[in-house]
Amino acid sequence: MSASGGSAVEANTPALPENLCARCARHHETCCQKTDIYVTLQDVRRIEQHVGFSGFEEFRQPFDPVYTFQEDDPLWMEKVFQADGSRRVVRHKENGDCVFLGSAGCTLPTEVRPLICRLYPFDYNAEGLKPVPASGCPSHLLAPGQSVFEGVGVNPDDARRWHGMLYKELQQEP
Ligand code: SF4
Ligand code: SF4
């Protein structure tokens, strides 16, 4: 296609609404700040291979007690929590940001990020993805008629694949 043809198409194509995460980051703290990010052992290995160092994770009790009640997901409760109630999570910087948060967002490629980051804002249990998103995204910043999933731009096929990986990796946890 010629350059002028491309311009004509662009001129007639309505501008897509800005990604919800970009709007979220401009208005307030995002899910990459002051949030507990659980990592599977496989997450840790993938990230270590990519970044070339280790020690970015620790065992910590959840800051938010909501994480300790997942009654519709016994596998999650059994595999994620240690006997003392702690979980393997990504460390925070001093300001509370995830250690992998950079000035332009996550510094990890999508297929290296912790699986729960890739899946957010999908809500789920061992049975599969739920139709209603998790409640943490700013729905008041959505474009008219836009769903949270559309706003964030997560692909449902990818989400189903990552959900399968997550629960397979959970079953491999000690
Ligand atoms: S996933 Fe939701 S909470 Fe996280 S940055 Fe995007 S809009 Fe904000
Ligand atoms: S790993 Fe990336 S996506 Fe997940 S909380 Fe940290 S910065 Fe955000």
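Remarks
- Criterion violated by E71 - all others in (1) outside any helix (DSSP H, G or I); (2) acidic (D, E); (3) surrounded by 14 or more Cβ atoms within 10 Å (Cβ to Cβ) satisfied: (3)
- For the range 121-143, a tally of residues being assigned to a loop (DSSP other than H, G, I, E, B) and in contact with a helix residue (DSSP H, G or I) (Cβ under 8 Å, 6 or more places away or on another chain) returns 8.
- In the range 22-36, the qualifying residues are those that are within 11 Å of ligand 2 (Cβ to nearest atom) and among the charged types (D, E, K, R), and the one that is surrounded by the most Cβ atoms within 10 Å (Cβ to Cβ) is D36.
- Flag if E111 is farther than 20 Å from A134 by Cβ, away from ligand 2 (no atom under 13 Å from the Cβ) and either assigned to a loop (DSSP other than H, G, I, E, B) or at pLDDT 95 or above (or both): no
- Filtered by the rule that a residue be assigned to a loop (DSSP other than H, G, I, E, B), farther than 17 Å from E169 by Cβ and touching a residue at least 60 places away in the same chain (Cβ under 8 Å), the range 31-50 gives C31, C32, K34, T35.
- Within the range 37-76, restricting attention to residues that are out of contact with any strand residue (DSSP E or B) (no Cβ under 8 Å at 6 or more places or on another chain), closer than 17 Å to V99 by Cβ and aliphatic (A, V, I, L, M), the residue that is nearest to ligand 2 (Cβ to nearest atom) is I47.
- Residue in the range 74-96 that is assigned to a loop (DSSP other than H, G, I, E, B) and among the hydroxyl-bearing types (S, T, Y) present: yes
- Selection of the range 97-108 for residues being assigned to a loop (DSSP other than H, G, I, E, B) and modelled with pLDDT of 95 or more yields V99, F100, T107, L108.
The values are calculated or read from the model by the stated rules, or taken from the named source; none is laboratory data. All values derive from a computational prediction rather than experimental measurement. Glycine also receives a Cβ, built like all others from the backbone with ideal geometry; neighbour counts cover every protein chain displayed.
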